[in-house]
Amino acid sequence: MISLQSKWRYLFMFLGIQLVVMALLSREGYQKRVSYFIRIFRKSDPAGAQAQNRTATDVPVGNVYANLSRLSKAETDGGDIFYCPKTSPLLAGPIHVSFPSGLTLAEVRRKNPLVERGGRYRPANCEARHRTAVVIPHRHREHHLRFLLYYLHPFLQRQQLNYAIYVIHQAGSYTFNRAKLMNAGFREAMREEDWDCLFFHDVDLIPEDDRNTYVCDANPKHAAIAMDKFGYKLPYQMYFGGVSALTPLHYLKMNGFPNNYWGWGGEDDDIGVRVSLAGMSISRPSLKVGRYKMIKHKLDKGNDVNPKRFNMLAKTRHTWKLDGMNTAEYEVLSREYLPLYTNITVHIGTEAGLKPLPPRPTVPISAKASVKAATPKPDK
Ligand code: UDH
Ligand code: MN
């Protein structure tokens, strides 16, 4: 028979073992389990538990729309209005980016009720410290534009900027010219407002961290330092593609961008070289913050690789003052103040200038047929 004294002894031994096990678990990094174990002996705390659940459900980590409910429409009491804080309290860091099918512009509008006609916004309750125009070169990428608008509007509102989004649309089907469109975008945006910073922004690049603030630096800024397609690394030191930010002064100092790069490639490197030829340097955000996801795509029709790009690049030091903002010629065909952006459609001509190329001499039908017959079939 076990005596009463030995019963107590067994009980103390059991509790002692429990304590040792808990101490070991805690040392091994199982603190969470131990504290859970301890919590079940404590009185339940419904308020605390509810608060925990609330943060978990209402503000999902990385949702670009998470903080927007904290914005409000302008109060019209006529009281003093102060500058917004230097660092926006709405910033939350990393943004989760995905591309769900079926997104519509109507949905983007519904989620951004404070964005005004032409894709403009300014904070209601404080005076923005920065005025930024986003300039997007565009043709036939409406499906990308929808995603960019979906992410960019809340991203810029979180940064408490006074901003507008300009889409510069190349008319016609002649070879695409990204840099010339930027020159047109610069002039047309500055015509509307004295912007203190211009972001030149590919339509398919989505920023992944809201601490990548869309404001200018003392030197031209290359914002897209870390793209997913380059393994979130800078591909080479002089790379200036994707998204860059310049003040009007920077832009004019380097005579804007080249007008003569038709087709894919080279123009971004030319722009990078212009920065240094104009006596400036390239500034960049950190690799952690300047992250972008590119919507996957193939090379577009009408934007073939430009085989002349290397020859042209070799001459930039001689050509940058002769070709650029001072020679940019284009015609504005329309300017539409749409709910989420200002669309400016421009005719930028061809290598031969603004006027359409003279029609080619017509080839007689018989000659056409023989050319066709002589053309080799493309490789499979
Ligand atoms: N763009 C258009 N329409 C066009 C061509 C270009 O809107 O027809 C604009 C758009 O803003 C785009 C930017 O110009 O983001 C740059 O063009 P791009 O996206 O074609 O350039 P990228 O460097 O090209 O991304 C990569 C070539 C894709 C090859 C895919 C092989 N896997
Ligand atoms: Mn692209």
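Rule-based calculations on the coordinates, nothing more; no lab input. The structure presented is a predicted model; accordingly, all values stated were derived computationally and were not measured. Note: ideal-geometry Cβ built from the backbone for every residue, glycine included; neighbour counts use all protein chains shown.
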Simple spin-label estimate for residue 91/residue 19, 7 Å along Cα→Cβ, in nm, reads 4.9 nm
I'd like the Karplus ³J(HN,Hα) series for segment 315-328: coefficients 6.51, -1.76, 1.60, θ = phi - 60°, whole numbers in Hz, and an x wherever there's a Gly or Pro.
9, 3, 4, 8, 9, 4, 7, 8, 10, x, 4, 6, 10, 5
HN-Hα couplings for segment 341-355 via Karplus (6.51, -1.76, 1.60; θ = phi - 60°), in whole Hz with x for Gly/Pro, come out as 6, 9, 9, 10, 9, 10, 9, 10, x, 9, 4, 7, x, 6, 6
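Treat every Asp and Glu Cβ in segment 178-267 as -1 and every Lys and Arg Cβ as +1, leave all other atoms uncharged, and give the resulting dipole magnitude about the Cα centre to the nearest 20 debye. Intermediate values should be presented prior to the final figure.
Details: 9 positive and 13 negative charges, 85 e Å.
Dipole magnitude for segment 178-267 comes out near 400 debye.
Of the listed peptides 245-252, 183-190, what is their order by residue-averaged count of other C-beta atoms within 10 Å, with the highest listed first? Don't jump to the answer; show the numbers that get you there.
Values: 245-252: 19.6, 183-190: 21.6.
So the peptides 245-252, 183-190, ranked by packing, come out 183-190, 245-252.
Sorted by packing (mean other beta-carbon atoms within 10 Å per residue), highest first, where do 100-109, 231-240 land?
Details: 100-109: 11.5, 231-240: 13.2.
So the peptides 100-109, 231-240, ranked by packing, come out 231-240, 100-109.
Which pairs in the list 253/308; 288/321; 253/298 are over 30 Å apart, alpha-carbon to alpha-carbon? Before the final figure, lay out each step's value.
On the way: 253/308 26 Å; 288/321 36 Å; 253/298 34 Å.
From 253/308; 288/321; 253/298, over 30 Å: 288/321; 253/298.
Given Cβ point charges of +1 (Lys, Arg) and -1 (Asp, Glu) and nothing else, what value in debye, to the nearest 20, does the dipole of segment 81-347 about its Cα centre take?
Here the size comes out at about 400 debye.
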Around residue 154, under 13 Å between beta carbons, what's the net of Lys plus Arg minus Asp minus Glu among the other residues?
+3
What does the highest-first list of 217-223, 145-151 look like by mean Cβ count within 10 Å?
145-151, 217-223
Name the shape class, rounded, prolate or oblate, that the alpha-carbon gyration tensor gives for segment 133-196, where a ≥ b ≥ c are the square roots of its eigenvalues, rounded holds for a/c under 1.5, and otherwise prolate holds if a/b is larger than b/c and oblate otherwise.
oblate
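When a/c reaches 1.5 or more, the comparison of a/b and b/c decides; with that in mind, is segment 81-347 rounded, prolate or oblate per its Cα gyration tensor? Provide the component values of the computation, followed by the final result.
Numbers: a/c = 1.41, a/b = 1.32, b/c = 1.07.
It comes out rounded by the Cα gyration axes.
Can you give the FRET efficiency to the nearest 0.05 for residue 278 and residue 228, using r as the Cβ-Cβ distance and R₀ = 22 Å?
On the way: r = 31 Å, r/R0 = 1.40.
That gives a FRET efficiency of 0.10.
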